[in-house]
Amino acid sequence: MGLVAVAVALAACGTGSGSSSGSSSGSSNGSGDRGSAPPPLPTAPAGANAPAPSNCTQQVSDSSGLRQALGSAGPGDTICVSGALTDVRMTIDRGGSAGSPIIVRGDGRTATRGIAVEADNVIVDGFVADGPEAPGVVLKGSNITLRNTTINSPRGGDGDGIRFWGSNIKIVHNTITDTSNATGAHADCMQTYATDEDNPASQDILVDSNRCEKIDNNCLIAEGPNSSAGDGSGEGETRNFTFSNNFCDNRAAQAVLADDVRNMTITNNEIVGDINHAFAFQNESTNGVVSGNRVSSVKYEVGMDDSSESSYNGPPPGGAP
């Protein structure tokens, strides 16, 4: 197995460009399927729940030490980072192996100016990005996990907390707060889209036990290669998403928007925004499953267009998305 080479960028990286989708309010009555009570949701910032660093291959406390540690790491290594690294945006551009990912672990308070993973087989755990240039975190590759990380007030570009592209990506136990449309951004908690080979279709995605708080747009917007925005690549297929056990406080027309996404399962989430639909499926977003969610101040739990009805399982849709 080859060595892992990782760079730490001193300046915030570019935000790229994404697309956005709007929605209209529903036109018919629908009711949410409350079902049995879902599992408890996280009640504290996710970063505060990060375990103490352990099994460390190397321990570092400043940006210079981090750069050296990442540059010499191999598959299976765990680099433990403490202290404040507020002068750097951490960029991991090569990864480990499928069975032995490289792990970069903070202590739940370890500060950076943002995180970018552009590699396969990487775990990032226990960091805080306070006021980063948006997107606060970028994930691009396969077999990537982001967990126990807090992103506060991302600004600039389109204002997103997290953007991701690739396969087998896990976004779990994170907190994203205060995305803002103040400068004309479309500031989502999380977004993926498929526009070209640099931003490919995403598949086999788990988004679980995160908190999206004070979000000006969607908690999750997932757009496939043939999205209704009209700027997709037309290549590949965006599919197999699980959105579960998350908390969403947002102000878009919906909390979750699936646009040209197959096989999205949405279960056991709490949605508290004053919005038209908790979940919206459009543009052949078929095989959707919705169950066990808690919704409040929502007109209809689900909005759906005719093209997305195939193999849908959930509460009756309340009008178009």
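The values are calculated or read from the model by the stated rules, or taken from the named source; none is laboratory data. Note that the structure is a prediction, hence the values are computed from the model and not measured. Because the Cβ atoms are built from the backbone with ideal geometry, glycine has one as well, and the counts that use them run over all protein chains shown. Just so you know, the surface numbers come from the protein's heavy atoms only, side chains and all, with ligands and any DNA or RNA stripped out. Shrake-Rupley method; radii C 1.70, N 1.55, O 1.52, S 1.80 Å.
What to note about this one:
- Applied to segment 170-182, the Karplus parametrisation 6.51 cos²θ - 1.76 cosθ + 1.60 on θ = phi - 60° returns per-residue 3J(HN,Hα) values of 10, 10, 9, 6, 10, 10, 10, 10, 6, 8, 10, 8, 4 Hz, with x for Gly and Pro.
- Cleavage-rule hits (chymotrypsin sites (Phe, Trp or Tyr not before Pro)) in segment 73-171: DSSP loop, at most 16 neighbouring Cβ within 10 angstrom: none
- The mean sequence separation of alpha-carbon pairs under 8 Å and at least six residues apart, normalised by the residue count of segment 184-321, gives a relative contact order of 19 percent.
- 10 Å beta-carbon shell around GLY96, net charge (K/R +1, D/E -1): -1
- Of the GluC sites (Glu not before Pro) in segment 179-259, those whose Cβ has at most 11 other Cβ within 10 Å and which sit in DSSP loop: GLU197
- Accessible surface computed residue by residue for segment 72-187, with neighbouring protein chains in place and a 1.4 Å probe, gives 29 Å² per residue.
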